[in-house]
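Engineer: Sharing a structure, written as structure tokens. Questions coming.
The values are calculated or read from the model by the stated rules, or taken from the named source; none is laboratory data. Bear in mind the structure is a predicted one, so any value in this text is a computation, not a measurement. Counting neighbours? That spans all protein chains shown, and the Cβs are built from the backbone with ideal geometry, glycine included. To get the accessible areas, we keep the full protein, side chains included, count just its heavy atoms, and leave off ligands, DNA and RNA. Shrake-Rupley method; radii C 1.70, N 1.55, O 1.52, S 1.80 Å.
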Number of protein chains: 2
Amino acid sequence: MDIAFVLYDEFTALDLIGPYEVLAGPDSVTPHFVAASRDTVVCDSGLPIRPTTTFAELTGPDVVVVPGSSQWRAALERTELTTWLAAVHPTTTWTASVCTGSTLLAKAGILADRPATTHWAVRDVLAELGAQVRTDRVVVDGDVITGAGVSAGIDMALLLAARMWGEDSAKLIQLALEYDPQPPFDSGSPDKAGPELAAAVREGVLPA
Amino acid sequence: MDIAFVLYDEFTALDLIGPYEVLAGPDSVTPHFVAASRDTVVCDSGLPIRPTTTFAELTGPDVVVVPGSSQWRAALERTELTTWLAAVHPTTTWTASVCTGSTLLAKAGILADRPATTHWAVRDVLAELGAQVRTDRVVVDGDVITGAGVSAGIDMALLLAARMWGEDSAKLIQLALEYDPQPPFDSGSPDKAGPELAAAVREGVLPA
């Protein structure tokens, strides 16, 4: 099973590494880190990752995982990426996104009038791109699975693992990753965090 | 603020990328990806990451974050790494670990008779290395903070962010990462998953 983890400059690392850690372990999986070229990609908070292949070389992945970016507007202009997504999606078993990655699927024509989720702050953008926006953490529609913001990729990938390999396998992976979350605060959604923090995130405010 | 994210071959990516995503965003933070050399490091499920500096070059980080590895026995023999940890820890504000990373702190002499946590499957190893093993998801002891297995790094780092920058900043980061976890299954600890799955994880069984 060839799983393509998509890389591009300024993508959000955890969007991709959550699903990677859930999905890339089994011996049956060959993970590919695919980008427009083999040049090192730098994530939006500075992490440098080396692609192992390119869009031109990887033409038939079984599964594609597309991360989002804090620079999602710029990402939507990456036509090499969206053209590749449109080309490979018809033959994937699963096409997956995390966070604003769903806007890239939409731009590639994969979400036309289909239900999907995204980071809570860009739901209007996903709607403008033609998807039926859901506020769920994970949305499955046929061969497309989308996750909400950043950390939702872990939940998305566990559900995907269960669909591909069965629930017991997904539970085994969850235990190996000790995924028994205990957030020290309860501010993971705009409803819980309140309007002031939500406004700050929308405006791109970062602490310290 | 210089934050050192420690890299070594076969480390577990999510151990490090969880804390990185929580801690590396603020403008006041300069993230460093530090390894024994600048050669590309390959994680235990295949992700290639490029170090930006070396142990020889980075001598005074404010914060150090040490990930674990599924190959934790081999990691304990990385004397360049543990020697560096022992050298820089006395001047850090915080020294942090995730998963079996705490066994590396112990090997470096940082956890002697101090409370700490680790991945549930290697608690006995951490005890043999001289730490007071706790089963908590996150343990704070003075300037040392340790997290349990893999995904616990996100919880650890949010608590660390709150200590460094205040609770409101940590909540803002949590909201930006949409960290409102909804695991599709409840098998994230050995108690919840049961003895069969726990035995399988201990034996290194992977699905599919």
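Engineer: Nearest 500 deg cm²/dmol is fine: what mean residue ellipticity at 222 nm does chain B get from its DSSP H runs of n ≥ 4 alone, each adding -39,500 (n - 2.57), divided by its residue count?
Structural biologist: Values: 9 runs with 74 residues, N = 208.
So the calculated ellipticity at 222 nm is -9500 deg cm²/dmol.
Engineer: How far is A:A87 from the same spot in each other copy, in nm, shortest first, if each label point sits 7 Å from Cα toward Cβ?
Structural biologist: 4.8
Engineer: Solvent-accessible area of B:H89, probe 1.4 Å, all protein chains present, reported in Å² to the nearest ten, please.
Structural biologist: 20
Engineer: While we're on this one: Heavy-atom accessible area of B:D168 with all protein chains present, probe 1.4 Å, nearest 10 Å²?
Structural biologist: Here the residue's solvent-accessible area equals roughly 110 Å².
Engineer: Here is a follow-up. Given a 1.4 angstrom probe, I'd like the percentage of the accessible area of segment A:1-115 that is carbon and sulfur, rounded to a whole number. Present the calculation step by step, with values, prior to reporting the outcome.
Structural biologist: Working: 1770 of 3820 Å².
Here carbon and sulfur together make up 46 percent of the probe-accessible area.
Engineer: Can you give the accessible area buried between chains B and A, summed over both chains, with a 1.4 Å probe, in Å² to the nearest 100?
Structural biologist: Accessible area lost upon association: around 6200 Å².
Engineer: Same structure, new question: With every protein chain left in place and a probe of 1.4 Å, what is the accessible surface of A:I49, to the nearest 10 Å²?
Structural biologist: Accessible surface of A:I49 is approximately 0 Å².
Engineer: For chain B, set up a GNM with springs between Cα atoms under 10 Å and report which of B:S69, B:S169, B:S151 has the largest fluctuation.
Structural biologist: Highest fluctuation of the listed residues: B:S169.
Engineer: Restricting attention to segment A:2-76, which GluC sites (Glu not before Pro) occupy a DSSP loop and are surrounded by at most 14 other Cβ atoms within 10 Å?
Structural biologist: A:E57
Engineer: Need the C-alpha centroid separation for segment A:39-118 versus segment B:1-69, integer Å.
Structural biologist: That distance is 25 Å.
Engineer: Another one. Along the Cα-to-Cβ line of A:A112, 7 Å from the Cα, sits a label point; which residues in segment A:72-87 have backbone N less than 17 Å from it?
Structural biologist: A:82-87
Engineer: A further question on this structure: Copy-to-copy spacing for A:M1, label 7 Å out on the Cα-to-C-beta vector, in nm, shortest first?
Structural biologist: Between copies, matching label points for A:M1 lie 3.9 nm apart.
Engineer: Could you check which residue among A:L16, A:L129, A:L197 shows the biggest mean-square fluctuation in a GNM of chain A with a 10 Å Cα cutoff?
Structural biologist: Residue with maximal mean-square fluctuation among A:L16, A:L129, A:L197: A:L197.
Engineer: Provide A:D124, B:D191, B:D141, A:D15 ordered by accessible surface of protein heavy atoms (probe 1.4 Å), highest first.
Structural biologist: The most accessible residue leads, giving B:D191, A:D124, B:D141, A:D15.
Engineer: Which parts of segment B:3-18 would a label at B:R38 reach, counting a residue when its backbone N lies under 20 Å from a point 7 Å out along Cα-to-Cβ?
Structural biologist: Answer for this model: B:3-9.
Engineer: Here is a follow-up. Once you sort the root eigenvalues of the Cα gyration tensor of segment A:11-128 as a ≥ b ≥ c, which label holds: rounded (a/c under 1.5), prolate (a/b larger than b/c) or oblate (the other case)? Mind showing how you got there, number by number?
Structural biologist: Details: a/c = 1.42, a/b = 1.22, b/c = 1.16.
Here segment A:11-128 falls in the rounded category.
Engineer: Through the Karplus equation 6.51 cos²θ - 1.76 cosθ + 1.60, θ set to phi - 60°, convert the phi angles of segment A:93-98 into ³J(HN,Hα) values in whole Hz; use x for Gly and Pro.
Structural biologist: Computed from phi, the couplings for segment A:93-98 are 7, 9, 10, 10, 9, 10 Hz.
Engineer: Among DSSP beta bridges lying fully in segment A:1-142, give the percent that are antiparallel, nearest 5.
Structural biologist: 15
Engineer: Something else about it: For B:E57, go 7 angstrom from Cα along the Cα-to-Cβ vector, then report the distances to that same point in the other copies in nm, smallest first.
Structural biologist: Label-point distances to the other copies, shortest first: 2.6 nm.
Engineer: Rounded if a/c is under 1.5, else prolate if a/b is larger than b/c, else oblate: which is chain B, with a ≥ b ≥ c the root eigenvalues of its Cα gyration tensor?
Structural biologist: Working: a/c = 1.38, a/b = 1.16, b/c = 1.19.
It comes out rounded by the Cα gyration axes.
Engineer: Straight-line reach only, C-alpha to C-alpha below 14 angstrom: list the aspartates and glutamates that A:K192 could link to, leaving out same-chain residues fewer than 8 apart.
Structural biologist: B:D168, B:E178, B:D180
Engineer: Output the antiparallel fraction of DSSP beta bridges having both residues in the protein assembly as shown, as a percent to the nearest 5.
Structural biologist: Taking every DSSP beta bridge with both residues in the protein assembly as shown, the antiparallel ones total about 25 percent.
Engineer: Over segment B:2-183, calculate the relative contact order: mean separation of alpha carbon pairs under 8 Å at least 6 apart, over the residue count, as a percent. Mind dumping the intermediate values first?
Structural biologist: Working: 388 pairs, mean separation 37.2, N = 182.
The normalised contact order for segment B:2-183 reaches 20 percent.
Engineer: If every alpha-carbon in segment A:63-124 counts as one equal scatterer, what log10 I(q)/I(0) does Debye give at q = 0.14, 0.28 1/Å?
Structural biologist: -0.34, -1.36
Engineer: To the nearest 20 debye, what is the magnitude of the charge dipole of segment A:62-157 about its Cα centre, counting +1 on the Cβ of each Lys and Arg and -1 on the Cβ of each Asp and Glu?
Structural biologist: Result for segment A:62-157 is approximately 180 debye, rounded to the nearest 20.
Engineer: Same structure, new question: Treat every Asp and Glu Cβ in segment B:2-183 as -1 and every Lys and Arg Cβ as +1, leave all other atoms uncharged, and give the resulting dipole magnitude about the Cα centre to the nearest 20 debye.
Structural biologist: Here the size comes out at about 260 debye.
Engineer: Just from the alpha-carbon atoms, what are the Rg and Dmax of the protein assembly as shown in angstroms?
Structural biologist: Looking at the protein assembly as shown, its Cα Rg and Dmax stand at 19.8, 59 Å.
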